[in-house]
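Data block below; observations after.
The values are calculated or read from the model by the stated rules, or taken from the named source; none is laboratory data. Because the structure is predicted, anything quoted here is derived from the model rather than measured. Cβ sites come from the backbone with ideal geometry, for glycine too, and all protein chains shown count toward neighbours.
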């Protein structure tokens, strides 16, 4: 009996002390030593599918050579929402993640994204957002419902924040901002409204969501005061809500705005895709100008492009006669590239193969008179090329060969 | 370019572990397998062109015996030339004579050669000890051995002409004995035997509790059957036990009540179906899952891998798990309560009363779970899993925080009344089940998305009736039937206009959206789903070696939902599922070969009402599917202790309502979607050997799955999605489990699973564009994991009727890549790290297990554990459990 008591005591002591003997475990992980940054000019975003993988590779040349992503490049798969998240300047990457309310500044070191600094960054309704570099050190980020912040990216501090003063309309969703552009001490904003009960489209079986009107507001900058509002119903959805996808460009000192009624962005089947203008020195949309792109392209959709300079605008056209399902917008060879002569309004098709690409991807890059764009159509060896259009010569050239990915869905200039 | 990846180093390590296990565990078995009669002797002998009669004579000289045979039986003039090296005498004779219908019998210094008799006689009876049946006793005659059933019954067939034979009986805790039996004539023999308790060995013996498990496992299915007896004093739930078996990987999103992803041999999600006593879990509503079932409610867990028997009536692509609760007819009471870390309370009451005179039965099954789940979250930059909060100056600081919105509560009670062991029914029981749950959500799919108010709550009730009868209408026909109707009501609440940081402070307020999705407005969505299920299983025993079964499952589910804030009515929808199954089971070669061939017929009907508003308007729709599945499961007993298994099924998973017809709001219909399908193949070998008080057991299995038409959700617009047939994968691998047990003093189990999932989709969907990842290993799939389990216990150490037991378990998960391994620089790839998690517990049982007290620690070394990317699991926890069990 006495022995049993001792045994019981041993068991109880063991039972109640068991875990505490192991409490002192502590982890310490020394961070990997970063290697020196590699100086490059461009960043190419490659993608493989199912499950999706996204990779950034830096290079100094997009006009020749080849790029493979096997074993190379920084894995950025978790930078939701993919390449749309990236903003680049002066060798750094910036990524705003609305789900985490975080703006992070990265540098590309040893083929990894190394965090330089992350700051809390709450944008109301920041699920979709866009950006504009006001200068090399000042970044405007705005959410699609008008919340904005201006950031000093050197110190990673917010210098100004608020919400664009845009009217709401009873019974309608919005305003939904398609672009915001600081130019000539004015902030230009384009927006539209959504309507669940908007009349059914003329095209059979199609339903509209965006109302048939494009709206514009122009504010004094930097005070963002004295708004001037205007509207135009020749198209709708001025700009678009995908970060890094062409919205505006400046030609002859005037601001030009590309519209996007396309169903992936705003969904209005009755309005054409085209280009508006706000002339320098005015604060309203120019009622005398609208370049109807769809009319010249068999009623097709235009989304994405780049202003090459010299009055030449490259646009991405989606052949709606070939794109029969939603999936085919991104995965079938349905895209053509055209050049718009801004002086004459004429459109010329570029002699490149039919391409496939996420039409909402920021993968067309204008830089120093050229526009680079991927033709994600694989040759017999499974490779494809980045092409470039040179506004000086008017020629289109096959550039760097891309290997081992399903698509290039991001193109960025770092300098 | 295609890249094929291998991890040869790990495979070598796994092979070495396997070899060591096999060698270490089984050398003693083979060492003992020597000796026996003359026919079993091994000799080396050579014949060169001599008559058969001379060859037999030469063997007789060598063996110092004589052969007795009829010249009419053998071609004695036939000349033979052959060399035999270390072969059994019986095998040499068989080859020399060249007839398979002969039998050999050694008696003294004579070996008789005669014709085999086709006739058999049956020896059957009951093995008892002190008047009580002994289940699990081994009864053997010559080379044939069987195990007694739960009532101590056995049956063996021997040649009818055998007049004298030796019957050997053994069972742990009892003295083994052998008995010479004489029975003249060819009639069946009843032979009841009484065993004596071995007092000495009983010192270390408790009930083995494996009889039923062994019986279930004795089929060709690739099946893990887990007896939960040894876990009943544990605070683990059913999932945590399943997670330690081979081929299963459960990836949990958090603590008690969290969501989880369950994979069997690499296939997961809807490919795996769950059942409780054969009733599909989806019929129990959203509030009941395997990770809130306390272990005390289960008797055993059957895991069917890849090939699923017709009884479950399921369209299971990758496998099925059936939790079997106590369905015996004895009275018992099992009550337990545990309290532990994170303010976790778990109680279970499981009791049954049976009046043996009247057959009246009352059963109550119930549990209650509560936890704050407020475990610490630690920032882990190494694996890109930061926990950061604002410092008030526009910057972040990393810190450890407690989870603040993860409370979980669930309760269930099921009462059953009826009768057992009546003329008109073995069992006829009416039941009523009620379940209530409340669950808070702390994070989204990643811990970087923090929720502070989102929750789900609801209740469920289900009346049911079950019936069982053997020898219904005619001898050999048995029937089981089940019918239930369930109503599941729950609400998903995402009404907060405020979002939160990890420390609980406000992140943003006055949002137009909820917390779950920045693109979706605040919502309070009510669901009401109803389920009707009927299941009938008929089995007819044609004769001792042949059975046929017919199974029919019919279920009807209807869904209604509305959104309170927008007053939006979602479209009502319904689905009907009928699955017919037929099987034929055959035993051949003295039960050495068991074969089951089965066929399944699936019918699936879907309907959804008209959508008259919103962006995706459409008319009411209907859709029907019919599919046929086939399968086979066979096992061959190589020896009395070892078996090989083979199974195959052409399996289907039918599309679900949402996948075909959408939800009328955000999910666009795809009426052309096809069922997922898979060719599933398993080959296995298992061996179990008792040597005195030592048990050695080994189970090795390999599997192959060729699956296609996986149903995926693809985004279709900024807020819409559509399901499509997209995926095609090959999965293959192997698993091994070795076990050693010495009475009830010591038990050691080691298992490992290796599996690889290969992308097999050559072209991008709907195009002829090659997919770049074709042929590569699919990322984010655990591919190497294993478990070690050690139990040391001592009976009567602290007094008569007591038992002290120490349990230790270790789980190993090898790291795996979150994204494609070959793409991107190696230093930038995200990984789920290698983890080694330890659990330990001590149980003290008194009064022969009536009172039990246990202390248990999970994640003893407080590892930062992740099943999923950026989703930290609980750290170290302690639990105290008290249990009262009387039966």
Could you count how many residues in the range B:67-76 are exposed (fewer than 13 other Cβ atoms within 10 Å of the Cβ) and in contact with a strand residue (DSSP E or B) (Cβ under 6 Å, 6 or more places away or on another chain)? 1
Residue selected from the range A:337-363 under the condition buried (at least 23 other Cβ atoms within 10 Å of the Cβ) and within 12 Å of residue A:313 (Cβ to Cβ), by the criterion farthest from the chain's Cα centre (by Cα): A:340
Taking the range A:55-71 as the region of interest, how many residues are within 7 Å of chain B (Cβ to nearest Cβ) and assigned to a strand (DSSP E or B)? 2
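In this structure, is residue B:676 more than 14 Å from chain A (Cβ to nearest Cβ), under 25 Å from the mean Cα position of the chain (by Cα) and at pLDDT below 90? I'd like the intermediate steps shown before the answer.
Working: more than 14 Å from chain A (Cβ to nearest Cβ): yes; under 25 Å from the mean Cα position of the chain (by Cα): yes; at pLDDT below 90: yes.
Considered against the rule, which asks whether it is more than 14 Å from chain A (Cβ to nearest Cβ), under 25 Å from the mean Cα position of the chain (by Cα) and at pLDDT below 90, residue B:676 comes out as yes.
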Checking residue B:205 against (1) at pLDDT 85 or above; (2) in a loop (DSSP other than H, G, I, E, B), which test does it fail? (1)
Among the listed residues B:785, B:806, which satisfies the condition of being in a strand (DSSP E or B) and either under 30 Å from residue B:385 (Cβ atoms) or in contact with a helix residue (DSSP H, G or I) (Cβ under 6 Å, 6 or more places away or on another chain) (or both)? B:785
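Any residue at all in the range A:304-319 that's away from every other protein chain (no Cβ under 14 Å), touching a helix residue (DSSP H, G or I) at 6+ places or on another chain (Cβ under 6 Å) and surrounded by 23 or more Cβ atoms within 10 Å (Cβ to Cβ)? Talk me through it step by step, then tell me what you get.
Quick first cut of the range A:304-319, residues away from every other protein chain (no Cβ under 14 Å) only: A:304-319.
With touching a helix residue (DSSP H, G or I) at 6+ places or on another chain (Cβ under 6 Å) added as a condition, the list becomes none.
Looking through the range A:304-319, none of the residues is away from every other protein chain (no Cβ under 14 Å), touching a helix residue (DSSP H, G or I) at 6+ places or on another chain (Cβ under 6 Å) and surrounded by 23 or more Cβ atoms within 10 Å (Cβ to Cβ).
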Checking residue B:862 against (1) facing another protein chain (nearest Cβ under 7 Å); (2) touching a strand residue (DSSP E or B) at 6+ places or on another chain (Cβ under 7 Å), which single condition isn't satisfied? (2)
Can you find a residue that is in contact (Cβ under 8 Å) with a residue 60 or more places away in the chain, within 21 Å of residue B:861 (Cβ to Cβ) and within 13 Å of another protein chain (Cβ to nearest Cβ) anywhere in the range B:781-802? no
(1) on the phi < 0 side of the Ramachandran plot; (2) in contact (Cβ under 8 Å) with a residue 12 or more places away in the chain; (3) facing another protein chain (nearest Cβ under 8 Å): which one isn't true of residue A:42, the others all being true? (3)
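Scan the range A:95-111 for residues that are touching a residue at least 24 places away in the same chain (Cβ under 8 Å) and more than 8 Å from chain B (Cβ to nearest Cβ) and jot them down. Before the answer, list the steps.
Residues of the range A:95-111 touching a residue at least 24 places away in the same chain (Cβ under 8 Å): A:96, A:98, A:101, A:103, A:105, A:107-111.
Scanning the range A:95-111 gives A:96, A:103, A:105, A:107, A:108, A:109.
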Quick one: in the range B:105-125, which of the residues that are buried (at least 18 other Cβ atoms within 10 Å of the Cβ) and within 44 Å of the chain's Cα centre (by Cα) is nearest to residue B:189 (Cα to Cα)? B:123
How many residues are at pLDDT 75 or above and part of a strand (DSSP E or B) if we restrict to the range B:121-141? 13
Single residue of the range A:72-92 satisfying the filter (under 26 Å from residue B:871 (Cα atoms) and not in a loop (DSSP other than H, G, I, E, B)) that is modelled with the lowest pLDDT: A:82
Against the conditions (1) farther than 30 Å from residue A:90 by Cα; (2) assigned to a strand (DSSP E or B), where does residue A:207 fall short? Just the number, please. (2)
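Only one of these is away from chain B (no Cβ under 14 Å) and modelled with pLDDT of 90 or more: A:218, A:202, A:245. Name it. Before the answer, list the steps.
Numbers: A:202 fails: modelled with pLDDT of 90 or more; A:245 fails: away from chain B (no Cβ under 14 Å).
Testing whether each residue is away from chain B (no Cβ under 14 Å) and modelled with pLDDT of 90 or more leaves just A:218.
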How do the strands (runs of 3 or more DSSP E) wholly within the range B:447-521 filter down when requiring 1 or more residues that are closer than 30 Å to residue B:578 by Cβ: which remain? B:455-469, B:477-494
May I ask you to say which residue of B:790, B:746, B:736 is over 30 Å from residue B:674 (Cα atoms) and crowded, with 20+ Cβ neighbours inside 10 Å? B:736
Within the range A:262-284, count every residue that is within 14 Å of another protein chain (Cβ to nearest Cβ) and either under 21 Å from residue A:312 (Cβ atoms) or touching a strand residue (DSSP E or B) at 6+ places or on another chain (Cβ under 9 Å) (or both). 7
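Residue-wise test of (1) within 30 Å of residue B:375 (Cα to Cα); (2) crowded, with 16+ Cβ neighbours inside 10 Å; (3) out of contact with any helix residue (DSSP H, G or I) (no Cβ under 6 Å at 6 or more places or on another chain).
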site	(1), (2), (3)
B:505	yes, no, yes
B:518	yes, yes, yes
B:547	no, yes, yes
B:559	no, yes, yes
B:564	no, no, yes
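Considering B:709, B:699, B:686, which residue is touching a strand residue (DSSP E or B) at 6+ places or on another chain (Cβ under 9 Å) and either modelled with pLDDT under 80 or closer than 30 Å to residue B:656 by Cβ (or both)?
Numbers: B:699 fails: either modelled with pLDDT under 80 or closer than 30 Å to residue B:656 by Cβ (or both); B:686 fails: either modelled with pLDDT under 80 or closer than 30 Å to residue B:656 by Cβ (or both).
Within the list B:709, B:699, B:686, the selection yields B:709.
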For the subset of the range B:79-118 comprising residues that are in a loop (DSSP other than H, G, I, E, B) and out of contact with any strand residue (DSSP E or B) (no Cβ under 7 Å at 6 or more places or on another chain), which member is modelled with the lowest pLDDT? B:118
Could you tell me how many of the residues in the range B:816-852 are facing another protein chain (nearest Cβ under 8 Å) and not in a loop (DSSP other than H, G, I, E, B)? 7
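Kindly indicate whether any position in the range B:291-314 is in a loop (DSSP other than H, G, I, E, B) and on the phi > 0 side of the Ramachandran plot. Don't jump to the end; show me each part of the working.
Going through the range B:291-314, the residues in a loop (DSSP other than H, G, I, E, B) turn out to be B:291-293, B:306-309, B:313-314.
Those still in the list that are on the phi > 0 side of the Ramachandran plot too: B:306, B:313.
Yes: one or more hits.
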Do you know which residues across the range A:221-244 are part of a strand (DSSP E or B) and within 30 Å of residue A:97 (Cβ to Cβ)? A:238
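Check B:355, B:350 and return the single one that is without any contact (Cβ under 8 Å) to a residue 12 or more places away in the chain and closer than 18 Å to residue B:427 by Cβ.
On the way: B:350 fails: without any contact (Cβ under 8 Å) to a residue 12 or more places away in the chain.
B:355 is the lone residue from the list that is without any contact (Cβ under 8 Å) to a residue 12 or more places away in the chain and closer than 18 Å to residue B:427 by Cβ.
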Say whether the condition of being at pLDDT below 90, within 30 Å of the chain's Cα centre (by Cα), within 30 Å of residue B:660 (Cβ to Cβ) and more than 14 Å from every other protein chain (Cβ to nearest Cβ) is met by at least one residue in the range B:489-511. no
